[in-house]
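These notes are about the structure you will find just below.
The values are calculated or read from the model by the stated rules, or taken from the named source; none is laboratory data. Predicted, not measured: the structure shown is a model, and the values here were computed from it. Methodologically, a virtual Cβ is constructed for each residue, glycine included, from the backbone with ideal geometry; neighbour enumeration extends over all protein chains shown.
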Amino acid sequence: MEQNELVPQNEPVIINREITGFLKETCKWGKFLAIIGYIGIGILLLAGLFLITGSDELALEEYNNVPTNILGIVYLVIAFLYYFPVNYLYRFSAETRKGIDENNEERITLGFKNLKSIFHFMGILTIVMLGIYGLALLVMIAAGIGNLL
């Protein structure tokens, strides 16, 4: 759907006080969640680096089949992927709030561009993960059938 189909060019969108209040509250919560997300990324990075740099002697016996450095790499990949939506959320919150406070349409537009990017990134990531789950299911079914024969 094109932007022109959403809002006719000759009719401006009116943001009333109620919408402004909702946006300000959304920006506060978005900034809070983004900061918590950055902290989570930091923890994931530290845990990943800890696992990669030789914590094999600390591994529990029941998990010795999985090398900890592979688990550490998985943590680093998750931290990398988590960075993008967290960063978009922070930029949405900051730009939208500044745009509302300064009555600056360009900043509000930039904020909503970042909100669109969150949904775009998460949508693509969801499609990729569903594909991985589908392939894993097919492999498990094939392995199960192979064991029956």
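For Ile78, indicate whether it is modelled with pLDDT of 95 or more and under 25 Å from the mean Cα position of the chain (by Cα).
Here the answer is yes, as Ile78 does meet what is asked.
Which residue out of Asn147, Asn114 is of a type in the set (S, T, N, Q), in contact with a Lys or Arg (Cβ under 6 Å, 6 or more places away or on another chain) and not in a loop (DSSP other than H, G, I, E, B)?
One residue alone meets the criteria, Asn114.
Which condition breaks for Gly30 when tested against (1) at pLDDT below 95; (2) of a type in the set (Gly, Ala, Ser); (3) within 25 Å of the chain's Cα centre (by Cα)?
(1)
So that you can scan it fast, the table gives a plain yes or no per residue for (1) of a type in the set (D, E, K, R); (2) surrounded by 12 or more Cβ atoms within 10 Å (Cβ to Cβ); (3) more than 18 Å from Ile73 (Cα to Cα); (4) in contact with a Cys (Cβ under 6 Å, 6 or more places away or on another chain):
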| position | (1), (2), (3), (4) |
| --- | --- |
| Asn16 | no, no, yes, no |
| Glu25 | yes, no, yes, no |
| Gly30 | no, yes, yes, no |
| Leu33 | no, yes, yes, no |
| Tyr38 | no, yes, yes, no |
| Gly42 | no, no, no, no |
| Leu46 | no, yes, no, no |
| Leu49 | no, yes, no, no |
| Ile52 | no, yes, no, no |
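Do we find a residue being buried (at least 18 other Cβ atoms within 10 Å of the Cβ) and within 18 Å of Trp29 (Cα to Cα) anywhere in the range 101-109?
There is at least one residue in the range 101-109 that is buried (at least 18 other Cβ atoms within 10 Å of the Cβ) and within 18 Å of Trp29 (Cα to Cα).
Go through (1) assigned to a helix (DSSP H, G or I); (2) of a type outside the set (Gly, Ala, Ser); (3) at pLDDT below 95 for Ile35 and report which single condition fails.
Result: Ile35 fails condition (3) only.
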